[in-house]
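Asker: Before anything else, here's the structure in question.
Throughout, read-outs are computed from the coordinates displayed, never taken from laboratory work. Being a predicted model, the structure only gives us computed values, none of them experimental. No Cβ is skipped: glycine too gets one built from the backbone with ideal geometry, and neighbour counts run over all protein chains shown.
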Amino acid sequence: MSSAARPPVPSPVSTSRLAWLDALRGIGAMAVVVEHTLPWYLPSLRFYWFNPGVYGILVFFLVSGYIIPASLERRGDVRAFWISRFFRLYPLYLAVIAVMLALAWWVPVREAVVRDGSAVAAHATMLLDVVSVGGIADTMWTLSYEMVFYLVVTALFLTRGHERSGTLAMAFAAAAVVVGLLSSGALLQGGWLAYASGVIFVCGLACVVWGRFRTVAAVVLGVMAVTLLAMGSRVPWLGLAIVAVMFAGTAIYRWERGTGPLWPVAVTAALVAAAPVWAIMNGWWWVRADVWVTTTALAGATFAGAMALRGRRLPKVVVWLGLISYSLYLVHHPVLKYVVAITGDLRSRELAYQLAMTGLALVVTMVLSALAYRYIEKPLQAMGRRLSRRLAAPPPRGSAAAGAAARCPGRDPGWGFARSRL
């Protein structure tokens with residue numbers, strides 16, 4: 001596409017740009033909540049023409065793909081990137097795990113979580129789904145693909161291969177189609193996989209953060225991540241398709257900035273849409289061709305629509321939902337289980353009672369998510385920023401990161417959020 005057809009490039013610290021990313025996160029989080037609420041609380045209202053949960057996580061992954069590589073490139077510092085990521089993801093994640101374990105006497109941990117040390121190792125790395133270990137909270141499986149993406153992007157950044165986002169998106173999407181035709185599940189299995197990946201993860205990230213053998217360690221981590229993605233995932237084609245979607249988000253960012261074409265995104269979308277059609281393991285209702293294509297198309301349309309409206313004022317409630325979206329994503333599923341444990345099975349109750357319990361569960365979820373953001377996420381993220389600033393080298397004079405910091409020292413443009421909100 002010609003440069004004349006590109007949308008105007010917004011300032012890296014534009015408030016509206018931050019708002020549209022927040023709004024997308026809020027939409028994605030609420031879609032996942034809807035998907036998990038309807039079967040338990042309002043089964044008569046559940047619909048099957050598209051899957052809100054998959055739609056929501058695809059929106060999330062597009063946002064992550066759009067902003068995470070940009071963050072790393074603008075910072076130019078993998079140490080600061082990983083410190084910030086740790087304080088962004090782990091505090092709430094560990095808190096939710098601790099609460100669910102503490103309440104396991106009341107609502108037992110689900111059977112998909114193995115009862116040995118491999119579960120500890122898999123949860124410690126967040127590489128749950130790519131080592132075929134169930135998460136304590138059902139929604140934690142998607143964090144595996146976030147972590148895989150971070151590892152791959154870090155390796156690409158340090159080896160100067162990070163600008164080929166469109167090619168990478170198409171490659172992962174094509175791999176999803178091929179692997180779906182050949183593999184019905186994980187080729188690498190067993191508890192040893194969680195232990196081995198855990199050791200490599202810890203040792204490799206230690207090298208990346210502290211600077212010893214940094215590039216070699218990053219490449220080893222990236223290779224491990226891709227290997228686990230293709231050979232250790234419960235559903236390999238799906239994992240590869242998810243990473244393709246994330247790199248498509250990066251390709252959109254590069255097109256917006258005028259540094260890459262848009263056509264690889266269209267090719268990636270077509271391949272991702274086709275990935276489950278002939279896949280050996282595609283037994284879920286939501287990967288039927290009509291449902292899958294509708295779901296992926298709606299996710300792409302939502303991202304495109306929000307991007308087109310990024311200069312407009314957006315509803316504050318949607319932006320606020322984006323602000324607490326990580327808490328909302330991790331908290332809602334346990335809350336839904338605990339409310340059902342108190343009320344009993346709601347599926348056969350009268351609609352009025354179902355609606356009342358749904359309202360109660362959603363209010364409790366929103367309140368706890370807001371509190372988790374205020375008292376866990378926000379202060380720990382601030383701590384992470386202070387630590388990363390203390391340990392990070394200043395950006396070279398005249399670099400894009402230095403210029404952005406000078407224009408707006410109160411923001412971190414690479415993360416796509418105001419500092420006060422991270």
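Asker: How high is the relative contact order of the chain, in percent, counting Cα pairs under 8 Å that sit 6 or more residues apart?
Answerer: Over the chain, the number comes to 32 percent.
Asker: Just order 201-208, 120-127 by mean Cβ neighbour count inside 10 Å, highest at the front, would you?
Answerer: Averaged packing, sorted descending, gives the order 120-127, 201-208.
Asker: Still on this structure, please answer the following. Quote to one decimal, in nm, the extra length available between S348 and A304 on full extension: 0.36 nm per residue of separation minus the C-alpha distance between them.
Answerer: 11.9 nm
Asker: Fewest first, what order do V59, V291 take by the number of other Cβ atoms within 10 Å?
Answerer: Placing the least packed residue first, the sequence is V291, V59.
Asker: Here is a follow-up. How would you rank M366, M147, going from fewest to most other Cβ atoms within 10 Å of each one's own Cβ?
Answerer: M366, M147
Asker: Work out, step by step, the length gained on full extension between L355 and A102: first 0.36 nm times the residue separation, then minus their alpha carbon distance; give nm to one decimal.
Answerer: Extra length from L355 to A102 when fully extended: 88.2 nm.
Asker: Sticking with this structure for a sec: Note the angle between two axes, namely the Cα long axis of helix 351-372 and the longest principal axis of the Cα atoms of the chain, as a number of degrees from 0 to 90, rounded to the nearest 10.
Answerer: Relative to the chain, helix 351-372 is tipped by roughly 40 degrees.
Asker: Work through the residues other than W285 whose Cβ is under 13 Å from its Cβ and net out their charges, Lys, Arg +1 and Asp, Glu -1.
Answerer: Counting the neighbours of W285, the net charge comes to 0.
Asker: Turning to a different aspect of this structure: Out of M246, S165, L127, whose Cα points farthest toward the positive end of the dipole of region 109-282 (charges: +1 Lys, Arg; -1 Asp, Glu; placed on Cβ)?
Answerer: S165
Asker: Specify whether the C-alpha gyration tensor of region 109-282 places it in the rounded, prolate or oblate class, a ≥ b ≥ c being the square roots of the eigenvalues: rounded for a/c under 1.5, otherwise prolate if a/b is larger than b/c and oblate if not.
Answerer: Taking the square roots of the gyration eigenvalues as a ≥ b ≥ c, region 109-282 is oblate.
Asker: Still on this model: Would you list D345, D22 from fewest to most Cβ contacts within 10 Å?
Answerer: Arranged by neighbour count, lowest to highest, D345, D22 become D345, D22.
Asker: Just how large is the dipole of region 32-159 about the Cα centre, in debye to the nearest 20, putting +1 at every Lys and Arg Cβ and -1 at every Asp and Glu Cβ?
Answerer: Roughly 260 debye, rounded to the nearest 20.
Asker: Still on this structure: Using the Cα centre of region 109-282 as the reference point, and only Cβ charges (+1 on K/R, -1 on D/E), how large is the resulting charge dipole? Debye, rounded to the nearest 20.
Answerer: Computed charge dipole of region 109-282: roughly 400 debye.
Asker: Normalised by the residues of region 109-282, what does the relative contact order come to in percent, with Cα pairs under 8 Å and at least six apart?
Answerer: 32
Asker: Based on the Cβ-Cβ distance from L262 to A297, what FRET efficiency comes out when R0 is 25 Å, to the nearest 0.05?
Answerer: Calculated transfer efficiency: 0.90.
Asker: Any idea what angle helix 236-256 forms with the longest principal axis of the chain, computed on alpha-carbon atoms, 0 to 90 degrees, nearest 10?
Answerer: 40
Asker: Rounding to the nearest 20 debye, state how big the charge dipole of the chain is about its Cα centre with +1 on each Lys and Arg Cβ and -1 on each Asp and Glu Cβ.
Answerer: Computed charge dipole of the chain: roughly 1640 debye.
Asker: Only residues of region 40-76 count here: report those whose backbone N is under 20 Å from the spot 7 Å along Cα→Cβ of A289, or say none.
Answerer: 48-51
Asker: With a 10 Å radius around each residue's Cβ, average the other Cβ atoms per peptide and rank 232-243, 129-140, 347-358, 160-171, highest first.
Answerer: Packing proxy ranking, top to bottom: 232-243, 129-140, 160-171, 347-358.
Asker: Divide by every residue of the chain the summed helix terms, -39500 (n - 2.57) for each DSSP H run of at least 4, and state the resulting mean residue ellipticity at 222 nm, rounded to the nearest 500 deg cm²/dmol.
Answerer: -22500 deg cm²/dmol
Asker: Using only Cα atoms, find the angle between the long axis of helix 263-274 and the longest principal axis of the chain, and express it within 0 to 90 degrees, rounded to the nearest 10.
Answerer: Approximately 20 degrees, to the nearest ten.
Asker: Say each of D138 and R374 gets a label point 7 Å from the Cα, pointing the same way as Cα to Cβ; how far apart are those two points in nm?
Answerer: The answer from the label model is 2.9 nm.
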